[in-house]
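The values are calculated or read from the model by the stated rules, or taken from the named source; none is laboratory data. Predicted model only: the values in this text are computed from it and were never measured. When we count neighbours, we look across all protein chains shown, and the Cβ atoms used for this are built from the backbone with ideal geometry, even at glycine. These area figures cover heavy atoms from the full protein model, side chains too; ligands, DNA and RNA do not enter into them. Shrake-Rupley method; radii C 1.70, N 1.55, O 1.52, S 1.80 Å.
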Amino acid sequence: MKKFLVICFAVCSLFLLSLNNPASAKDTQSANPESVQFTETQKSELAKIQQQILTDKKKLIEKYVEYGALSKEEADKMVSHFEKHYKMMEEHNFQIPPHRPHTQHKSN
């Protein structure tokens with residue numbers, strides 16, 4: 001029984017150590033989607049879809065204001081954030097922003 005527990009503990013330890021392996025994080029970053037270059041047709045199609053999403057988000061926020069779930073000031077702040085995000089996406093040719101794994105976040 002002791003031998004079984006020691007083996008289980010060893011296997012669990014090895015598994016937990018492999019979760020925080022920096023080599024595995026580098027492998028996922030090497031397949032960077034920003035290396036894709038969109039054609040002008042693709043960019044215009046993505047822009048059209050992103051614009052539709054922005055319009056839908058604005059309509060949704062307006063409904064929340066209408067129903068009293070948000071104040072007008074909060075709604076304006078949210079809409080301005082959505083518009084800034086759209087402009088940022090437009091500046092970066094509608095590339096998907098890179099995802100930072102939680103282990104790489106800078107703590108203040």
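Of all residues being over 27 Å from Ser44 (Cα atoms) and of a type in the set (Gly, Ala, Ser) in segment 65-108, which is most open to solvent (accessible area, probe 1.4 Å)? Just the residue, please.
Ser107
What are the residues in segment 53-64 that are open to solvent by 60 Å² or more (accessible area, probe 1.4 Å), free of Cβ contacts under 8 Å to residues at least 24 places away in the same chain and out of contact with any Leu (no Cβ under 8 Å at 6 or more places or on another chain), if any?
Once the filter is applied, which keeps residues that are open to solvent by 60 Å² or more (accessible area, probe 1.4 Å), free of Cβ contacts under 8 Å to residues at least 24 places away in the same chain and out of contact with any Leu (no Cβ under 8 Å at 6 or more places or on another chain), segment 53-64 yields Ile53, Asp56, Lys59, Leu60, Glu62, Lys63.
Would you check if there is a residue in segment 42-52 being among the basic types (Lys, Arg), touching a residue at least 40 places away in the same chain (Cβ under 8 Å) and surrounded by 11 or more Cβ atoms within 10 Å (Cβ to Cβ)?
Yes: segment 42-52 contains one or more residues that are among the basic types (Lys, Arg), touching a residue at least 40 places away in the same chain (Cβ under 8 Å) and surrounded by 11 or more Cβ atoms within 10 Å (Cβ to Cβ).
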